1. Set the Förster radius R0 to 30 Å, insert the Cβ-Cβ distance between A150 and E77 as r into 1/(1 + (r/R0)^6), and round the FRET efficiency to 0.05.
2. Largest first, how would E143, E192 line up by accessible area (1.4 Å probe)?
3. Compute the semi-axes of the equivalent ellipsoid of the stretch 83-139, taking the square root of 5 times each eigenvalue of the Cα gyration tensor, and list them largest first in whole Å.
4. Could you state the accessible area per residue of the chain in Å², with a 1.4 Å probe and every protein chain left in place?
5. In the full protein assembly as shown, how much of E208 is accessible to a 1.4 Å probe, in Å² to the nearest 10?
6. Could you name the aspartates and glutamates whose alpha carbon sits less than 15 Å from that of K153, not counting residues in the same chain fewer than 8 places away?
7. Give me the percent relative contact order of the chain, please, defined on Cα pairs under 8 angstrom at least 6 residues apart.
8. Between V5 and A26, what length comes free when the chain is fully extended (0.36 nm per residue of separation minus the Cα-Cα distance, one decimal in nm)?
Amino acid sequence: MTMIVNNLQQVQARIVTACTAAGREAASVRLLAVSKTFPPEALREAYAAGQRAFGENYVQEGLAKIHMLADLRGEIEWHCIGPLQSNKTRPVAEHFDWVHSIDRLKIAERLSEQRPDGLAPLQVCLQVNVDGGANKSGVPAGEAPALARAVAKLPRLKLRGLMAIPEPAPDFEAQRALFMRAAAVYEQVRGEGIALDVLSLGMSADLEAAIAAGSTMVRIGTAIFGGRS
Ligand SMILES: *Cc1c(COP(=O)(O)O)cnc(C)c1O
């Protein structure tokens, strides 16, 4: 068994254990393999082991991999999870399936306008800043419901949920408390009648705390592919 296949199994086992501890079904959490900085061969290994959803941070790098893995197009789901500038939205709208990092209406409007008619709507999450300034990316939590209402109306996007990347916290309970802030915004938006079903929380170091807080999609890089230089 290759290292990547072995790592994938270990991450899946961590997800099952965390779900059991939280009294949740293991099937309620999806695994997004974050492949930034790793070559297409690494993604092929993960694909051969059954992994289908891959996350990339940098638009150019992601596009290059989508191109190099074109033979698997239709099988792989490509997620853009990094910060997006408005001059980079077109290739994202044309080539990715998901965007997790929408933090302002202008980006969402451009993605909707640029999403080709022949493709399914772009699946999107709003990135919420739950640290209040410590981490600059993301819409402030208080502004997230208004942004969600506006994004939900865009014709070529399908608003699926929220994503957050809280600062690392010293222990499990502190980390869970930060993730719970994102979960609270998620419930608030759902309470307004906007049908979200994705809470994108948790990375290699903190997926257990994220699952305890209600994450439905963990974004895992290092624990699958190894350290990045
Ligand atoms: C790199 C990255 C991840 C994965 O982080 P690991 O700690 O390597 O698991 C998840 N989400 C985002 C937005 C990232 O940039």
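The values are calculated or read from the model by the stated rules, or taken from the named source; none is laboratory data. Model, not experiment: these values are computed from the prediction. A quick note on method: Cβ atoms are made from the backbone with ideal geometry, for glycine too, and the neighbour counts reach across all protein chains shown. Quick note on the areas: whole protein, heavy atoms, side chains included, nothing else; ligands and nucleic acids left out. Shrake-Rupley method; radii C 1.70, N 1.55, O 1.52, S 1.80 Å.
1. Values: r = 25 Å, r/R0 = 0.84.
The value I calculate is 0.75.
2. Numbers: E143 105, E192 85 Å².
The residues order as E143, E192, largest area first.
3. 23, 10, 8
4. Numbers: 10260 Å² over 229 residues.
I get 45 Å² per residue for the chain.
5. 60 Å²
6. E109, E113, E192
7. Working: 426 pairs, mean separation 46.4, N = 229.
Answer for the chain is 20 percent.
8. Values: separation 21, 0.36 × 21 = 7.56 nm, distance 1.91 nm.
Length gained, V5 through A26: 5.6 nm.
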